[in-house]
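Below is one structure; the comments refer to it alone.
Bear in mind that the values in this text are calculations on the coordinates, not laboratory data. Worth saying up front: this structure is predicted, and the values here are computed from it rather than measured. Don't worry about glycine lacking a Cβ; one is built from the backbone with ideal geometry, like all the others, and counts go over all protein chains shown.
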Number of protein chains: 2
Amino acid sequence: MTYSTLWQRRDQALGTGAELFYDKPLEIVRGEGTYLFDSEGNRYVDMYNNVPCVGHANPAVVKAMAEQQATLNVHSRYLHEGIVTFAERLIALHHDGIESAVFSCSGTEAVEVAIQMARLVTGHKGIICTDATYHGNSELVGSMSYLGTEMSEMGHIRAFPFPELYRPLEEGLSEEQLCDRYLARVECSIESLKAEGSDFAALIMCSIFANEGPPEIPSGFMEKVTKLVHNEGGLVIADEVQSGYGRTGVWWGYEKTHFLPDMVVTGKPMGNGLPISATAARKDFVDAFRAQKDYFNTCAATPLQAAVGMAVLDEIERLDLVRNASEVGDRLISKLKEKVPEHDWIGDARGFGLFLGVEIVKDSASKDPDAELTLLLSNRLKEKGFLVSYSGRFNNVLKIRPPLVFSHENADAFLVAFDECIGELSE
Amino acid sequence: MTYSTLWQRRDQALGTGAELFYDKPLEIVRGEGTYLFDSEGNRYVDMYNNVPCVGHANPAVVKAMAEQQATLNVHSRYLHEGIVTFAERLIALHHDGIESAVFSCSGTEAVEVAIQMARLVTGHKGIICTDATYHGNSELVGSMSYLGTEMSEMGHIRAFPFPELYRPLEEGLSEEQLCDRYLARVECSIESLKAEGSDFAALIMCSIFANEGPPEIPSGFMEKVTKLVHNEGGLVIADEVQSGYGRTGVWWGYEKTHFLPDMVVTGKPMGNGLPISATAARKDFVDAFRAQKDYFNTCAATPLQAAVGMAVLDEIERLDLVRNASEVGDRLISKLKEKVPEHDWIGDARGFGLFLGVEIVKDSASKDPDAELTLLLSNRLKEKGFLVSYSGRFNNVLKIRPPLVFSHENADAFLVAFDECIGELSE
């Protein structure tokens, strides 16, 4: 099988345009820890994949998966100790307002549950999200994605500009004034929903606005917006699919950005590759949802999800990965920040724990996004053995989001490669 | 841990009202082949679970799962031989009109893809489904569930009465006339969508109307409704989540009920418990979807889904399970049909392969559904070591849908237990 034949067969079998990374896509055949290996035996440091949070091919996860699948894997309408214990462990990691969980198979499904639950308990339809977010791919959730200033096709949805310091909504304001300006835009969205007759059910946001930047957030915004939403009778849904599970150096993104959500959605890293997701909330919210919706999800809340989910939690604890994310992430971002004043095209470097972004611009004065250079950088870094991607509203933010087992050594090696890229681009 | 403590903990952790089967729910701890075992060591013949199609704890599936997870399990934006080959094998099992596939993690997600794709390629919004169906639990797909004669909250959706011979739409007609009456109702739904301005995108239906009965379908209906839909510029989406994968004694339900769908949705049995689903269609439809929607599903189209999915296909072939479903199912339904004239409360026995239903009624003349007796029967059969459930519009159809490894011996043992129940109820 040649590489080009495989690519052609893929176009036929999965459809032309099924997403691929890099100008010359990689054929990855093996993974181990933070490393991925291609079909030619080349090794890459994985700095993109958050799903295999406890490492590619983690043996403890493999063992738990195989043992449970060899014992029992069945739907959730029988009693089973495993899924109850897993739910209890997940809930115990949250603040006191989170009491019960609904399991599903993807982030999209968990967001669907959260929105349905919020609409049910408030009796209202209106949902607010940011103008550059992504929460999933169903018709409802997909209609919130990268919405910009458009009205969602689905109705009952409004977007507000995500809060940031780098390209502020208005120039020349103090951080506090800027924060107020963003809050005012959230209020406008709520008013618009009320005017339409949808009324206001919930605000959904990633706790670190992962897809939006992640931006540096005006101080106090998250706490104040939570208060505003509550005053307006709405609920706050934290999408922790990317920001949760130790990613930011604490368990949850909302601990890092200082607010207490009413509902929490988790997904990607929960199963180290096994599809698992969850929506957690106050018990009376979950009870109401159970009573009204008769929700059932065939392959969710299974003994397999439970066994694998708990093995992942065990490994995060055993390997002290939350602290690792904090320490390795903090050191790496401090090194990256040093490069901002040194190179005019590095506009900003920021992030939380092991979710970091390097903003690539035409020049520091204009801050004009340079998506082309960002893409070039990600391809260059790939050739040097480091896998990153890009994100942000303008696709001009190098996205660094490695497995949580990413080490200081990995970070140092990356910095050498990054400096090489800088040198080559300056030639 | 006592049984009642576990139940209480479950209520707290998963929410009160999270679905459970049986008056006294089972704590299932182990599975093997067609058997499930509870925490007290009791053995049950599983006649409900279609997901573990090649048998609970199938060793070949466990091996494939463990080996792949120990090698590589990563998202789909790299080239990987496994997922391409799995897609090719899946497509090759369909008729020539099915050329490419989009993978996802649940039946709901696969139906979402189908509807989004149908709306995209037709440029229309309107969807038609039956009045007693269930296709999934997202806001969009859930709004089609058990719709009856209500209008869907989501808009752009119309329901028509599912075709059946047992409680026909109109009495005293020939089968051909009855078929025409059902077709006329489909036409009404299409007209209603056009009048609303949604125009008509697609008809979605389970190929055997599994949740609706499964009913005996007026001869010719499926072929004629397909023609009608095409004449009206719409597409036919076959939901094969329950009817596919050999369940009916042929690979696909649509082979059994004689029509050629434009899109096929598959799910539950594909991974023997690992979440896998797919939407397959003509390549130009999938290409258009890829181009417009930029669809990405983190834990779908992975090497793990591929390896496990292929192990399931291999086991179906090795164990000749499609033929087994045909032979065991045909013999079991013929035995069950014998009981209809013998017992006034057994209204009907029908089905396809290993998806069988026994309709429980107050008496054969009135055909009044007896949901209470159906529930009692399912509880009694459980006590005798046979796990069935119930379905249908009135919850009065004993639902028999075992793993495909279900044997003649299992069927014979069930018939003895069923006769015992009949005897006890006649006392």
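Just a few scattered comments:
- Signed unit charges on C-beta, dipole axis of the stretch B:60-318, positive-most listed residue B:T130, B:A184, B:A280: B:A280
- Separation of alpha-carbon centers, the stretch B:306-331 and the stretch B:240-264, rounded to whole Å: 14
- Cα convex hull of chain A, projected area averaged across orientations, nm²: 21.4
- Fully extended contour minus Cα-Cα distance, from B:E223 to B:A291, at 0.36 nm per residue: 21.3 nm
- Spin-label pair A:S426-A:H230: with each label point 7 Å from Cα along the Cα-Cβ axis, the two points sit 5.0 nm from one another.
- Remark: mean inter-chain Cβ contacts per residue of A:270-279 equal 5, using a 10 Å Cβ-Cβ cutoff to other protein chain atoms.
- Within the protein assembly as shown: Cβ-based charge dipole about Cα centre, in debye rounded to nearest 20 (Lys, Arg +1; Asp, Glu -1): 660
- For A:E420, inter-copy separations between label points set 7 Å beyond Cα along the Cβ vector come to 7.3 nm, shortest first.
- One Cα centroid belongs to the stretch B:73-124, the other to the stretch A:357-427; the line between them spans 32 Å.
- In this structure, the amide hydrogen of A:A349, modeled 1.01 Å from its nitrogen in the peptide plane, lies closer than 5 angstrom to those of A:E359, counting only residues at least 5 positions away or on a different chain.
- DSSP bridge orientation in the stretch B:60-318 - percent antiparallel, rounded to nearest 5: 35
- Annotation for B:K293, label-to-label distances across the other copies: 2.1 nm (shortest first, one decimal, point 7 Å from Cα along Cα→Cβ).
- Listed residue (B:V265, B:M65, B:Y166) projecting farthest to the positive dipole end of the stretch B:60-318, Cβ model: B:M65
- Under the simplified labelling scheme, the A:L319-A:E67 pair shows an inter-label distance of 1.8 nm, with each label point 7 Å from Cα along Cα→Cβ.
- Spin-label model, B:A371/A:Y166: points 7 Å from Cα along the beta carbon direction are separated by 5.6 nm.
- Couplings for the stretch A:343-349, taken from phi via the Karplus curve 6.51 cos²θ - 1.76 cosθ + 1.60 with θ = phi - 60°, read 10, 5, 8, 9, x, 6, 9 Hz in order; Gly and Pro are left as x.
- Net dipole in debye of the stretch B:60-318 [+1 Lys, Arg Cβ; -1 Asp, Glu Cβ; about Cα centre; nearest 20]: 600
- Distance between the C-alpha centres of the stretch A:336-351 and the stretch B:205-219: 62 Å, rounded to the whole angstrom.
- Relative to the compact-globule estimate of 2.2 N^0.38 Å, the Cα radius of gyration of the protein assembly as shown comes out at 0.95.
- By the rule of a second cysteine Cβ within less than 4.7 angstrom, chain B holds isolated cysteines at B:C53, B:C129, B:C179, B:C188, B:C206, B:C299, B:C421.
- Residue by residue along A:80-89, Cβ atoms of other protein chains within 10 Å of the local Cβ number 5 on average.
- Counting Cβ atoms of other protein chains within 10 Å of each residue's Cβ and taking the mean over peptide B:304-316 gives 1.
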